1. Exactly one of (1) within 16 Å of Ser22 (Cα to Cα); (2) surrounded by 18 or more Cβ atoms within 10 Å (Cβ to Cβ) is unmet by Phe42. Its number?
2. Output the number of the condition that Arg170 fails; it satisfies all remaining conditions of (1) within 14 Å of the ligand (Cβ to nearest atom); (2) out of contact with any strand residue (DSSP E or B) (no Cβ under 7 Å at 6 or more places or on another chain); (3) touching a residue at least 60 places away in the same chain (Cβ under 8 Å).
3. Given the condition at pLDDT 95 or above, of a type outside the set (Gly, Ala, Ser) and out of contact with any Ser or Thr (no Cβ under 9 Å at 6 or more places or on another chain), answer yes or no: does some residue in segment 189-198 qualify?
4. Which condition number in (1) of a type in the set (S, T, N, Q); (2) surrounded by fewer than 19 Cβ atoms within 10 Å (Cβ to Cβ); (3) closer than 30 Å to Glu145 by Cα is the one that Gln31 fails?
5. Would you mind stating whether Thr126 is over 19 Å from Val40 (Cα atoms), modelled with pLDDT of 95 or more, more than 17 Å from the chain's Cα centre (by Cα) and surrounded by 15 or more Cβ atoms within 10 Å (Cβ to Cβ)?
6. For segment 5-27, indicate whether the set of residues that are away from the ligand (no atom under 16 Å from the Cβ), exposed (fewer than 14 other Cβ atoms within 10 Å of the Cβ) and among the small types (Gly, Ala, Ser) is non-empty.
7. Anything in segment 95-117 that is without any contact (Cβ under 8 Å) to a residue 40 or more places away in the chain and either under 11 Å from the mean Cα position of the chain (by Cα) or over 30 Å from Thr246 (Cβ atoms) (or both)? List them, or say none.
8. Among all residue pairs at least 6 apart or on different chains, which show Cβ distances below 8 Å where the first residue, located in segment 191-215, is within 12 Å of the ligand (Cβ to nearest atom) and the second is of a type in the set (Lys, Arg) and at pLDDT 90 or above?
Amino acid sequence: MLITGKTRVCAIIGEPVEHSLSPLMQNAAFQALRIDCVYVPFRVPSSCLRDAVRGFRSQGVLGFNVTIPHKIKIIKYLAELHPLARNIGAVNTVLNTKTGLVGYNTDAMGVIEALRRKRVRLNDSTVTILGAGGAARAIVYALVETAHRIVVLNRTRRKARKLKRDLERRLGRQIEIGDLTRKSLAEALRATDLLINATSIGMNGEDSSLPISQADLQQHLTVLDIAYGRSETELLRKARRSGCRTIGGIEMLLHQGAAAFEIWTGMKAPLTTMRNALACAKPGGGSR
Ligand code: NAP
């Protein structure tokens, strides 16, 4: 592709960001629709977030995605929030408008669409979510209306408490919280129908593990691991061996990315092109 002075720029910022398959998917979409735009990953540590955001604004980027660990912190640098992003308390997509940077959340829609496509039944179900970061907030928000019970387990109790306080106030539904320990996870899993990993464990090839044993993963469980990697995550491997239904993070990535593309371009996202681009990367964590 030929990049000229007229080429627009979209980006993804995070730390780490090297694992992201969004550049592959978004660049394929721009090319398919002949949009003169390029999507670039930028490694941005927390200490540089404000400067990076100001730079994007002044350089006139079309928009950008926000990933680990900035989805909550970025809010204070934006001029405006879409109501869904405000309610969730996390932003994963930013549009650069004439009047300023506007924050959106497409993760909520991404997880709903991924579960819908895989025909996962949520009615009357108990959902256990691991993590209390930006993605976990969006997932709780997306599922709380339909699920019977939501349980959030997180390493840092303070962040789980904040998620509970914020979302219970906005949604008027109860969210149960606990520590992410072997004991509390094993206990929660006994009553769980759908387990979702929304921690960042799993995305770096396994440099740390979830405190979960294969014996805790009973066959009746559906397991969604949103932390995709280049190979199947340890959680999905264990779940598959236990006979659970497993869903990788790629389907959610596709749908949150398609929604972001539509916010930036105002055009319908070429879903098949984006799906094929992701399939070419041969990431792990497919589904069965
Ligand atoms: P985030 O806001 O930084 O939150 C990270 C979460 O992971 C926190 O709950 C954190 O716990 C937990 N965590 C990190 N390292 C841990 C460890 N060693 N042990 C236990 N817990 C740990 O990140 P995010 O934006 O929510 O993203 C979380 C993951 O979801 C990332 O892997 C991201 O790539 C993935 N994601 C995928 C999609 C998709 O479309 N497939 C969409 C969004 C996000 P503490 O609170 O204790 O720090």
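The values are calculated or read from the model by the stated rules, or taken from the named source; none is laboratory data. Every value quoted in this text rests on a predicted model; they were computed, and no experiment measured them. Reconstructed Cβ throughout: ideal geometry from the backbone, glycine too, with neighbour counts over all protein chains shown.
1. The single condition Phe42 does not satisfy is (2).
2. Among (1) within 14 Å of the ligand (Cβ to nearest atom); (2) out of contact with any strand residue (DSSP E or B) (no Cβ under 7 Å at 6 or more places or on another chain); (3) touching a residue at least 60 places away in the same chain (Cβ under 8 Å), the lone unmet condition for Arg170 is (1).
3. Within segment 189-198, one or more residues are at pLDDT 95 or above, of a type outside the set (Gly, Ala, Ser) and out of contact with any Ser or Thr (no Cβ under 9 Å at 6 or more places or on another chain).
4. (3)
5. Answer is yes for this residue.
6. Yes, the conditions are met somewhere in segment 5-27.
7. The answer is Thr97, Lys98, Thr99, Val102, Gly103, Asn105, Ala108.
8. Going by the 8 Å Cβ cut-off, the qualifying pairs are Thr199/Arg155; Pro211/Arg182; Ile212/Arg182; Ile212/Lys238.
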